[in-house]
Structures are given as structure tokens and as C-alpha cells.
Amino acid sequence: MVRKTILAAGLLALAAATVQAQDPRVEISGTAGWTFSDGVSGGTTTVNGEDFSRIDPKDAFSWGARIGFFAGPNVEVGALFSSQATSLEISGLGATGTLGDETIYNYHGYVAYNFGDSDAGVRPYFLGGLGATQYGTVKVNIGGQQRDISGNTKFSTTWALGVKLYPSPNVGIRLEGRWTPTYIKSDYAGTWCDPYWGCYTLGDAQYANQFELSGGINLRF
């Protein structure tokens, strides 16, 4: 009876340890870095007597946070947020100018594949996500008058390559390069005609891009 009790307790302990080892892990990260940004071109607009045809956010400091849940040893599903405090710059025909300060926010759900074992000290990874990029309101001075350019939210994707380094089991360092293209508009690019389907207008899509290099702390549980 005693032997059976000890054996049963041992089996229960082994089963509990196995279940715990198979439980999905959770990772929480905070990052900071630098984002290289570009915008789009368009028709010529006159501002304070100068002609401009392009608008771009300036390169600037950025920061972010994310949480990820492991659906298995290598597949991670999560959500991330990032923010870049920048200025909006206009240019064209040799002239440049700054419209005003702007904050850009990114909200994305993502799926990542982590290479190596779940408890490895070094884990490279690839990440892809879908979500939205929000461009904040810009306060500008045009002709001596203060005006607001309202913000807008656009669909965007995000793609990253990175590596997680773990000097300890639960606290690590995340290093990442991430690209976020945001669809802004389509310009007229001509007309395509087919004898069967008829004629269609073709558009040349323009994207605003953010290229972020970042590092930060990664906690896993």
C-alpha cells in the first residue's frame, strides 16, 4: 500500500512537471531606438510663397512595448505598440520647411517564429504583423495663422528580424530591426483595357515607411 502511494505520488509529480514544462511562455518587452522615416509625394502646394510637392516625417527617437504568448516552443502570437515623436517636413523645387511637430503611433498584432529551443540563451526570430499606423494632429503656422492639420489612421503591416539574448533564465536583451510600410494613397497611373473585361483605371500605390533599429529588455515567464 505504501509503495503504491509513493508510486502514485511520483507519477503525479512527474505529470505536473511535464504539464508545467509544456505550458506556453509569456514574454513582455520594452524597447527604445531610432526610426528612419519617409513619406509620400503629390501635387504642388504653395505654403508661405514656396512650392512644395513632398511631405516626410523626420528621423527621430522611438520607443515601444509588446507582449507575446507562445503557442508552442517556437511560435509566438502577440501585440505590439510603438511611438515616434517627430516633425513633419515638406520639400520641393529646392525648398524645405517644417510644418510642425507630430507623433506617429503603431498598433499591430503579430506572429513570430523563434529559432532554437525554448530555454536557449540565444534566440533569433522573424516577425510579421498586421495593424494600423496613426498620424497625430500637426499644428502649423500658415500666413501668420495657427492651424491644425488633423491626423489620420491608415492600414499598415510590420516585419522584423531580431535576436533575444538571455544572460539569465528570465531576463534578456532584445535587439531588432523592423520595417513598417503604411499605405497612404494611390496616384493615377493610366488606363488598362481588355476586349473582354473592359477598361480599368490603374493606380500607383504610395507607402510611407518606417525603419526602426531598437534594443531593450525582454522578460519571459
**OP:** Please list, in chain and number order, the residues 5+ apart from Thr86 or on another chain whose amide H is under 5 Å from its amide H, with Hs placed from the backbone.
**Re:** Glu102, Thr103, Ile104
Original post:
What list of ³J(HN,Hα) values in whole Hz, one per residue of the range 55-62 in order, does the Karplus curve 6.51 cos²θ - 1.76 cosθ + 1.60 (θ = phi - 60°) give from phi, with Gly and Pro shown as x?
Top reply: 9, 9, x, 7, 4, 7, 4, 9
**OP:** Calculate, for Ile67 and Thr137, the FRET efficiency according to 1/(1 + (r/R0)^6) with r their C-beta to C-beta distance and R0 22 Å; round to the nearest 0.05.
**Re:** 0.20
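With a sphere of radius 10 Å drawn around the Cβ of Phe69, what net charge do the other residues whose Cβ falls strictly inside it have (Lys, Arg +1; Asp, Glu -1)?
-1
Between Ile28 and Phe155, 0.36 nm times their residue separation minus their Cα-Cα distance comes to what?
Using 0.36 nm per residue and subtracting the Cα-Cα distance, I get 43.2 nm.
Mind checking Rg over Rh on the range 94-141, alpha carbons, Kirkwood formula for Rh?
With Rh from the inverse mean 1/r over Cα pairs, Rg/Rh is 1.30.
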Subject >> Arg54-Val163 FRET efficiency (beta carbon distance; Förster radius 30 Å; 0.05 resolution) >> reply: 0.25
Subject >> Pairwise FRET efficiency - Ala79 versus Phe115, Cβ, R0 = 25 Å, nearest 0.05 >> reply: 0.70
**OP:** Tell me which residues come under 5 Å, amide H to amide H, from Val40 once H is placed; ignore anything under 5 positions away on its chain.
**Re:** Ile55
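Give the value in nm², to one decimal: projected area of the alpha carbon convex hull of the range 59-193, averaged over all directions. Numbers along the way, then the final one.
Working: hull surface 51.4 nm².
Mean orientational projected area (the range 59-193, Cα hull): 12.8 nm².
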**OP:** For a footprinting-style exposure proxy, rank Tyr107, Tyr135 by other Cβ within 10 Å, fewest first.
**Re:** Tyr107, Tyr135
**OP:** Add +1 for every Lys or Arg and -1 for every Asp or Glu among the other residues with Cβ under 15 Å from the Cβ of Tyr107, and state the total.
**Re:** +2
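Can you give the local net charge around Val138? Use residues other than it whose beta-carbon is closer than 14 angstrom to its beta-carbon, Lys and Arg +1, Asp and Glu -1.
Neighbour charge sum, excluding Val138 itself: -2.
Readers should treat all values here as calculations from the given coordinates under stated rules, not as data from a laboratory. Here the structure is a predicted model, which is why all the values come from computation and not from measurement. We place every Cβ from the backbone using ideal geometry, glycine too, and count neighbours over all the protein chains shown.
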